[in-house]
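The values are calculated or read from the model by the stated rules, or taken from the named source; none is laboratory data. If you're wondering where the values come from, they're calculated on a predicted model, not measured in any experiment. Cβ: placed from backbone, ideal geometry, glycine included. Neighbour counts: every protein chain shown. To get the accessible areas, we keep the full protein, side chains included, count just its heavy atoms, and leave off ligands, DNA and RNA. Shrake-Rupley method; radii C 1.70, N 1.55, O 1.52, S 1.80 Å.
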Amino acid sequence: MRVAVPFGKSKIYTALVYKIHQTPPVGYDAKDIYQILDDKPIVNEKQLKHWSWLTDYYLCALGDVLRAGLPSIFLLESETLIIRNEIFEDESILDDDEYLIYEALQRQSILKVQEVSAILDKKKVLPIINQLMIKGVLSVKEEIFEQYKPKLVKYVKLNDRYISNEKLSTLLVELSKAKKQKQAVMHYFSLNASTKKPIKAKTLQEVAKVSASILKALVDKSIFEIYYIQTDRINYEKTNGKLKELTDFQETAYQEIKNSFKEKEVTLLHGITSSGKTEIYTKLIKDTLHLNKQVLYLLPEIALTTQLIERLKIYFGDQISVFHSKYSLQERVEVWRNLLYNKKKTQIILGARSSIFLPFNNLGLIIVDEEHETSYKQFEPAPRYHARDAAIVLANLHQAKVLLGSATPSIESFYNAQKNKYALVTLNRRFSNIQLPEVELVNLKEKYRKKQMNGHFSDRMLELMQRALDEKEQIIIFQNRRGFSPIVTCNTCGVSAQCPNCDVSLTYHKFRSELRCHYCNYSRSMPKKCLACGGVSLSTKGFGTEQIELEIQELFKDAKVARMDLDTTRGKYGYHKIISAFQSQEVDILVGTQMLSKGLDFANVSLVGILNADNMLNFPDFRAHERSFQLMVQVSGRAGRAKKRGKVAIQTYNPFHQILQQVTTTDYINMYKEQLEERYQYKYPPLLRTIKITLKHKDFNKVNRGSEWLAKSLNNQFLNNVLGPTSPVVARVRNQYIKFILIKLPVKTSIKQSKIVLKKIKINFQSIAEFRPIRFIFDVDNM
């Protein structure tokens with residue numbers, strides 16, 4: 001349960017009781033617990049075990065895991081801001097103290113906890129605030145995408161005094177002159193007779209074709225009464241669709257997975273794009289639900305939940321809940337509470353990586369779709385966990401099974417399958433036996449030499465696009481960089497606009513006419529002249545999705561173009577609007593970043609264009625080639641999924657690059673063997689474990705001295721298995737200078753012992769006064 005605990009003189013934090021014991025602390029006096037906040041536990045024992053594992057494995061504090069795991073509405077603090085809920089009207093349900101807070105919020109829309117304490121003249125106010133949140137009177141402020149309000153549905157009922165027939169007759173006579181009001185009352189009776197359910201005010205307005213003011217007039221005359229019912233915000237209706245019949249190949253894969261679960265806890269499903277992996281998942285979900293067990297379906301991208309809900313609610317509509325960061329705090333708390341009490345609507349949880357923290361009671365199956373995706377890795381803040389690995393441990397605690405699915409599995413997962421740690425099931429036929437798309441490499445070097453380029457498009461790419469548009473088919477254009485242009489340069493002095501807080505140039509966003517840093521979010525309006533020399537001739541270098549969108553609009557004036565990147569999907573329904581428009585063929589060409597590569601299914605897409613494959617391939621990272629292959633194969637897989645074979649055009653300066661040749665034939669096995677050989681040679685995962693240490697501080701010299709001291713200490717313990725210290729590509733972010741040290745742990749090394757040594761080194765490092773202010777970060781299994 002949660003308890004309020006005092007820190008210092010005035011600060012109060014929410015803590016979670018982890019263990020009850022009778023051992024008094026040594027060296028200090030324990031304070032009393034301020035208040036117990038819950039009647040029933042909000043976290044279960046299996047969750048606590050899982051959180052402890054995350055703490056030990058990822059070298060972070062249990063408090064970090066608590067903060068990441070619990071929706072922040074549960075973490076009341078004495079500086080929490082309290083906001084009035086505009087919809088709430090029923091004052092009768094409030095007691096005296098609650099009414100005083102409600103009244104104060106009428107005058108002032110935001111209050112601090114200390115102010116509430118002063119109003120009530122009480123110290124213990126958090127339980128009262130908690131009750132007011134449950135009653136929907138107020139909400140707790142946090143920076144969320146859209147300030148969401150508790151969902152109260154407005155209902156109408158007839159005043160009790162009109163129940164008798166005589167009174168009814170009198171009422172109808174009274175209303176004979178007010179035609180619209182009489183119409184509303186008559187329709188109320190017909191609805192009441194036909195549905196026998198409470199009647200929504202909105203429904204009555206629609207059926208009776210009357211306005212809200214007519215209903216208000218009837219309420220003022222005490223003929224109707226208005227009341228509100230708080231409902232769950234997320235409800236999916238079941239449409240009683242039957243599960244699709246599996247093809248022979250899908251059925252074989254399904255049976256192989258079922259058999260593999262008898263011997264192994266984890267199975268890797270390596271199914272090519274558009275092979276119908278989701279249909280196999282639905283069959284396995286149905287089997288798990290028959291055993292009265294819960295299913296967790298993990299997705300790498302919030303955009304995917306939009307499409308998947310539409311597919312799954314046909315079969316399991318009333319058993320699905322969704323959990324991810326675009327949902328408001330209240331919505332997430334609702335899912336949490338429903339799961340805690342094992343309600344029917346939480347038998348299937350669809351969610352992003354944070355779903356692994358939820359209070360499952362009886363988990364039977366975890367599906368990790370597109371398991372190779374880097375989105376499953378949490379980078380900032382701690383715990384820096386990988387949802388795929390954490391899900392496998394969670395399943396183990398529940399004695400559940402894990403299915404990892406991907407067309408391009410991560411090398412780590414495929415290596416585990418080859419070593420017989422996981423079971424491996426292969427599905428290498430597309431649904432309806434449609435062939436994999438034909439991949440064509442376009443040589444940009446030749447095209448520029450022959451002057452066959454129009455902007456950033458080669459003549460061949462434009463020809464293929466025109467052909468697709470003529471046949472009323474859709475196109476996806478992939479460019480893995482948002483904004484208009486990454487660099488704005490002065491043609492006179494050559495200086496480019498830099499971020500004042502980071503060592504990186506500012507990206508030009510034409511739509512807002514601003515320069516923005518993609519690391520710290522610093523922005524300023526686009527200057528009219530160079531800030532260094534005053535020259536007025538400014539030019540842009542490089543290109544992003546915004547520029548491509550504008551170029552396409554110029555080249556294909558009749559085509560409808562949309563863009564899908566971080567800038568266009570910020571709102572809660574941003575993804576939904578774009579995906580729905582593209583699916584209903586209101587949009588002909590969709591331009592986007594890597595969001596497009598993650599398992600989306602569009603039937604009418606016949607062409608996928610990748611504008612610059614070289615950027616990805618030349619990234620300074622040992623996983624660059626693996627990721628480039630995965631990204632290009634996944635984006636290519638969006639083409640030709642329903643009717644006919646699709647086409648993929650990849651523009652590159654180096655068409656003979658080994659990875660690009662492997663993409664053209666979707667040759668995953670050869671890519672895997674080559675990458676594994678390289679990693680064996682240079683000693684990288686999956687053949688050993690890595691732990692990255694990051695040091696950050698605003699003083700460059702201090703970070704340098706600290707990193708040198710730390711590297712020497714690590715070298716004494718880990719010998720030649722330490723790389724660094726080195727500066728990353730962007731060596732300063734948010735005015736903090738960064739140094740990396742990478743530790744490679746061979747397979748035979750005890751991970752547990754190594755972590756104990758690392759913790760001791762960290763304590764020694766932080767015991768030196770000069771290095772204490774330096775931020776010290778562990779990243780286990782860094783990506």
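Residue pairs whose Cβ atoms lie under 6 Å apart, sitting 6 or more positions apart in sequence or on different chains, and linking a residue in the range 179-197 that is free of Cβ contacts under 8 Å to residues at least 12 places away in the same chain to a partner that is hydrophobic (A, V, I, L, M, F, W, C), are Lys182/Leu175. Just so you know, in the range 119-137 the residues that are β-branched (Val, Ile, Thr) and in a helix (DSSP H, G or I) include one that is surrounded by the fewest Cβ atoms within 10 Å (Cβ to Cβ), and it is Ile134. Among the candidates Ile366, Ile411, Ile314, single out the residue that is among the β-branched types (Val, Ile, Thr) and within 19 Å of the chain's Cα centre (by Cα). After ruling out the rest, the residue left standing is Ile366. The residues listed here are Glu586, Glu554; of these, the one that is exposed (fewer than 15 other Cβ atoms within 10 Å of the Cβ) and part of a helix (DSSP H, G or I) is Glu554. Note on the range 766-783: residues that are touching a residue at least 12 places away in the same chain (Cβ under 8 Å) and either in contact with a strand residue (DSSP E or B) (Cβ under 8 Å, 6 or more places away or on another chain) or open to solvent by less than 40 Å² (accessible area, probe 1.4 Å) (or both) total 12. If you go through the range 412-428 one residue at a time, do you hit one that is at pLDDT below 90, open to solvent by 30 Å² or more (accessible area, probe 1.4 Å), of a type outside the set (Phe, Trp, Tyr) and in contact with a Gly (Cβ under 9 Å, 6 or more places away or on another chain)? Within the range 412-428, one or more residues are at pLDDT below 90, open to solvent by 30 Å² or more (accessible area, probe 1.4 Å), of a type outside the set (Phe, Trp, Tyr) and in contact with a Gly (Cβ under 9 Å, 6 or more places away or on another chain). One residue stands out among those in the range 274-297 that are over 16 Å from Ala253 (Cβ atoms) and among the polar types (S, T, N, Q): the one that is most open to solvent (accessible area, probe 1.4 Å), which is Asn292. For residues that are at pLDDT below 85 and touching a strand residue (DSSP E or B) at 6+ places or on another chain (Cβ under 9 Å), tally how many sit in the range 192-213. Looking only at that region, the number is 2. Residues that are open to solvent by less than 80 Å² (accessible area, probe 1.4 Å), of a type in the set (Phe, Trp, Tyr) and in contact with a strand residue (DSSP E or B) (Cβ under 9 Å, 6 or more places away or on another chain) within the range 655-701 comprise Tyr668, Tyr684, listed in sequence order. Within the range 27-47, the set of residues being surrounded by 15 or more Cβ atoms within 10 Å (Cβ to Cβ) and charged (D, E, K, R) comprises Asp38, Lys46. For the range 344-353, the tally of residues that are modelled with pLDDT under 90 and out of contact with any Ser or Thr (no Cβ under 6 Å at 6 or more places or on another chain) stands at 3. Does Lys528 qualify as being without any contact (Cβ under 8 Å) to a residue 12 or more places away in the chain and surrounded by 14 or more Cβ atoms within 10 Å (Cβ to Cβ)? No; evaluated as a whole, the condition is false for this residue. Strands (runs of 3 or more DSSP E) fully within the range 388-485 that include at least 2 residues being touching a helix residue (DSSP H, G or I) at 6+ places or on another chain (Cβ under 7 Å) and under 30 Å from Leu555 (Cβ atoms): 438-443, 474-478. Against the definition (open to solvent by 80 Å² or more (accessible area, probe 1.4 Å), touching a helix residue (DSSP H, G or I) at 6+ places or on another chain (Cβ under 8 Å) and not hydroxyl-bearing (Ser, Thr, Tyr)), how does Lys216 come out, yes or no? Answer is no for this residue.
Within the range 724-765, the set of residues being small (Gly, Ala, Ser), part of a loop (DSSP other than H, G, I, E, B) and surrounded by 13 or more Cβ atoms within 10 Å (Cβ to Cβ) comprises Ser727, Ala731.
Each row is one residue, and each column tells you yes or no for (1) without any contact (Cβ under 8 Å) to a residue 60 or more places away in the chain; (2) touching a strand residue (DSSP E or B) at 6+ places or on another chain (Cβ under 9 Å); (3) under 28 Å from Pro300 (Cα atoms).
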position: Lys421; (1), (2), (3): no, yes, yes
position: Thr426; (1), (2), (3): no, yes, yes
position: Asn433; (1), (2), (3): yes, no, yes
position: Ala468; (1), (2), (3): no, yes, no
position: Glu471; (1), (2), (3): no, yes, no
position: Val495; (1), (2), (3): yes, yes, no
position: Asn501; (1), (2), (3): no, yes, no
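Scanning the range 435-466 for residues that are charged (D, E, K, R), open to solvent by 60 Å² or more (accessible area, probe 1.4 Å) and in contact (Cβ under 8 Å) with a residue 40 or more places away in the chain returns Glu438, Lys445. Residues in the range 311-331 that are at pLDDT 85 or above and either among the β-branched types (Val, Ile, Thr) or in a helix (DSSP H, G or I) (or both): Gln319, Ile320, Val322.
Scanning the range 169-193 for residues that are within 13 Å of Lys157 (Cα to Cα) and either open to solvent by 70 Å² or more (accessible area, probe 1.4 Å) or in contact with a His (Cβ under 9 Å, 6 or more places away or on another chain) (or both) turns up just one, Met186. Here Gly706 clears all of (1) open to solvent by 50 Å² or more (accessible area, probe 1.4 Å); (2) assigned to a helix (DSSP H, G or I); (3) touching a strand residue (DSSP E or B) at 6+ places or on another chain (Cβ under 7 Å); (4) under 30 Å from Cys517 (Cα atoms) except the condition numbered (1).
Scanning the range 636-645 for any residue that is on the phi > 0 side of the Ramachandran plot, buried (at least 17 other Cβ atoms within 10 Å of the Cβ) and touching a residue at least 12 places away in the same chain (Cβ under 8 Å) turns up at least one such residue.
The residues in the range 369-388 that are of a type outside the set (Lys, Arg) and either in contact with a Phe, Trp or Tyr (Cβ under 8 Å, 6 or more places away or on another chain) or modelled with pLDDT of 95 or more (or both) can be counted, and the count is 7.
Listed here are the residues, each with its yes/no results for (1) modelled with pLDDT under 80; (2) under 27 Å from Val17 (Cα atoms).
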{"position": "Ser52", "(1), (2)": "no, yes"}
{"position": "Asp64", "(1), (2)": "no, yes"}
{"position": "Ser72", "(1), (2)": "yes, yes"}
{"position": "Glu77", "(1), (2)": "yes, yes"}
{"position": "Thr80", "(1), (2)": "yes, yes"}
{"position": "Glu89", "(1), (2)": "yes, no"}
{"position": "Ser92", "(1), (2)": "no, no"}
{"position": "Asp95", "(1), (2)": "no, no"}
{"position": "Tyr102", "(1), (2)": "no, no"}
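Specify the residue that is farthest from Trp53 (Cα to Cα); the eligible residues are those in the range 360-407 that are among the acidic types (Asp, Glu) and buried (at least 24 other Cβ atoms within 10 Å of the Cβ). If we take residues in the range 360-407 being among the acidic types (Asp, Glu) and buried (at least 24 other Cβ atoms within 10 Å of the Cβ), then Glu370 is farthest from Trp53 (Cα to Cα).
In the range 80-108, the residues that are farther than 21 Å from Thr14 by Cβ and part of a helix (DSSP H, G or I) form Cβ pairs under 6 Å with partners that are among the β-branched types (Val, Ile, Thr) and open to solvent by 20 Å² or more (accessible area, probe 1.4 Å), at six or more places apart or across chains, as follows: Leu100/Ile119; Ala104/Ile119. Looking at this structure, is Gly63 on the phi > 0 side of the Ramachandran plot and free of Cβ contacts under 8 Å to residues at least 12 places away in the same chain? So Gly63 fails the test.
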